[in-house]
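S.K.: First the structure, then my questions, so here it is.
The values are calculated or read from the model by the stated rules, or taken from the named source; none is laboratory data. All values derive from a computational prediction rather than experimental measurement. Cβ sites come from the backbone with ideal geometry, for glycine too, and all protein chains shown count toward neighbours. The accessibility values were calculated without ligands, DNA or RNA, using every heavy atom of the protein model including side chains. Shrake-Rupley method; radii C 1.70, N 1.55, O 1.52, S 1.80 Å.
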Amino acid sequence: MAINSIGNPHVPLLEVNDLHVSFKIMAGKVEAVNGVSFSLDRGKILGIVGESGSGKSVTSYSIMQIIDKNGTIEKGSIKLDGTELIGASEKVLRSIRGNRIAMIFQDPMTALNPVYTIGNQLIEAIRTHDDKISKEDASKRSIEMLKLVGFNEPEKRMKQYPFEFSGGMLQRAVIAMALVCSPDLLIADEPTTALDVTIQAQILELLKEIQQKMGMAIIIITHDLGVVATVCDEVDVMYAGRIVERGTADHIFYESAHEYTKGLINSVPTLADDRPLVPVKGNPVDLMCLPKGCPFAPRCDHCMKICLEQFPPQIKFSEDHYVSCWNAIKTLQDQGQIDVTLPPEAPLNPSEVKSLTRVDLPVVKKKPVKKAIKAPVKKQTVKGKKKGGK
């Protein structure tokens with residue numbers, strides 16, 4: 001469900017509605033994204049968090065329309081300024097990629113071409129989307145962008161190759177390349193991966209400063225909750241290809257409603273107190289064999305019978321705070337303030353909510369191991385000798 005579109009007549013910059021993406025492999029079909037919906041306004045920063053394999057990067061690649069050949073967007077809608085991107089021609093997509101939507105890829109060390117200088121790659125990105133600009137003007141704009149991202153001696157850096165840069169410098173160069181065409185939307189896929197803590201803070205501060213100067217929207221994909229707390233206005237929590245909770249950063253950190261979100265927060269080490277780390281137990285669900293109920297149910301301490309049988313609908317937990325969790329529905333039902341947001345074809349049966357009861361997951365009992373029966377040992381006596389005699 002798109003929070004920004006509720007009650008607002010304006011059109012968001014980006015609208016993703018009921019997106020389903022799957023991949024065909026030798027063993028079968030992997031359902032990587034299952035009904036993702038969200039929207040993003042100009043000037044906002046959205047964070048998408050979750051474990052590895054939750055569908056974060058696939059969602060971003062789907063927005064850019066650059067998923068692998070074995071991947072298929074089965075259904076859904078992706079709109080940029082009201083224009084549908086799914087099914088658009090390659091010519092239209094090429095005019096959008098890098099120009100209106102840019103992306104910072106996960107590994108800066110492999111995102112750049114090692115046989116071309118940084119300057120050549122920046123100039124190429126500019127002239128690809130602007131045929132009328134001269135090489136000299138493109139070079140000047142590239143130098144300005146390198147200054148903007150914090151390079152000293154940018155004229156010298158233009159002539160250097162990627163292998164001559166450190167990890168932090170490479171990340172800055174990738175950011176400069178993404179921003180050189182002044183995009184409306186920037187997607188940053190794990191922008192602080194493989195960087196030390198000091199450089200991470202610098203990169204995050206840089207992204208926030210540039211976003212304020214250029215007024216663009218940013219999607220930050222990460223599994224680091226510290227990144228989310230630092231820069232994001234809104235947060236989507238993904239699990240098994242679905243958005244299970246969505247809200248502001250304050251909602252997610254201080255009023256989290258989904259058990260998976262609580263588990264992520266509790267598993268982060270802190271120096272504020274001496275509480276022990278509580279990791280999210282179990283393993284992520286197999287995306288080739290998704291359960292009919294909540295995919296987090298096998299790992300949830302508050303699992304109920306209905307969690308195993310039916311996926312929870314998305315409900316409004318509080319203002320601008322949405323969650324898909326039967327336990328949260330039960331909480332609101334008990335308080336008498338449930339406000340279910342559902343499409344007409346999938347109404348919530350109130351009797352299901354009232355009948356929610358705690359249930360323990362079935363535990364496989366190990367069969368008792370039978371102890372081996374030892375045969376009695378006969379005492380042997382030496383012939384010609386009596387018991388107790390010499």
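S.K.: Determine ³J(HN,Hα), in whole Hz, for all residues of region 108-120 in sequence, where each value follows from phi through the Karplus function 6.51 cos²θ - 1.76 cosθ + 1.60 and θ = phi - 60°; x replaces Gly and Pro.
M.R.: x, 6, 10, 7, 9, 7, x, 9, 10, 5, 4, x, 4
S.K.: Based on the Kirkwood radius over alpha-carbon pairs, what value in µm²/s does the Stokes-Einstein equation return for the translational diffusion coefficient of region 118-173 at 25 °C and 0.890 mPa s?
M.R.: 215 µm²/s
S.K.: Would you mind counting up the charge near E153? Only other residues with Cβ under 11 Å from its Cβ, with Lys and Arg at +1 and Asp and Glu at -1.
M.R.: Combined, the nearby Lys, Arg, Asp and Glu give +3.
S.K.: So, one more: Quick one: net charge around G241, please, counting Lys, Arg +1 and Asp, Glu -1 for every other residue with C-beta under 14 Å from its C-beta.
M.R.: Here the count lands on -2.
S.K.: Sequence-distant or interchain residues sharing an amide H contact under 5 Å with C325, placed H: which?
M.R.: Counting only residues 5 or more places away or on other chains, the set is I315.
S.K.: Measure out, as a whole number of angstrom, how far apart the alpha-carbon centroids of region 174-232 and region 57-136 sit.
M.R.: 17 Å
S.K.: Still on this structure: Compute the distance in nm between two label points, each set 7 Å from the Cα along the Cα-to-Cβ direction, one at S182 and one at Q310.
M.R.: Here the answer is 5.2 nm between the modelled labels.
S.K.: State the volume of the convex hull built on the alpha-carbon positions of region 15-118, expressed per residue in Å³ and rounded to an integer.
M.R.: Convex hull of Cα atoms, per residue: 149 Å³.
S.K.: Do you know the Lys pair count in region 107-195 for C-alpha distances under 18 Å, with sequence separation 8 or more or different chains?
M.R.: The result is 7.
S.K.: Quick check: net charge around E74, other residues with Cβ under 13 Å of its Cβ, Lys/Arg +1 and Asp/Glu -1?
M.R.: +1
S.K.: What's the carbon and sulfur percent of region 1-143's accessible surface, probe 1.4 angstrom, rounded to a whole number?
M.R.: Taking all protein chains in place, region 1-143 shows 51 percent carbon and sulfur surface.
S.K.: On to the next question. Treating the beta-carbon of each Lys and Arg as +1 and of each Asp and Glu as -1, no other charges, what is the dipole magnitude of region 12-141 about its Cα centre, to the nearest 20 debye?
M.R.: 220 debye
S.K.: Have a look at region 40-88 and give its Rg and Dmax from the Cα atoms, expressed in angstrom.
M.R.: Rg and Dmax of region 40-88, Cα atoms, are 12.2, 34 Å.
S.K.: Classify region 101-219: rounded, prolate or oblate, from the alpha-carbon gyration tensor (a ≥ b ≥ c, eigenvalue square roots; a/c under 1.5 rounded; otherwise prolate if a/b is larger than b/c)?
M.R.: oblate
S.K.: In whole Hz, with x marking every Gly and Pro, tabulate ³J(HN,Hα) for region 302-314 from phi via Karplus 6.51 cos²θ - 1.76 cosθ + 1.60, θ = phi - 60°.
M.R.: Couplings: 10, 5, 10, 4, 5, 4, 7, 10, 8, 6, x, x, 7 Hz.
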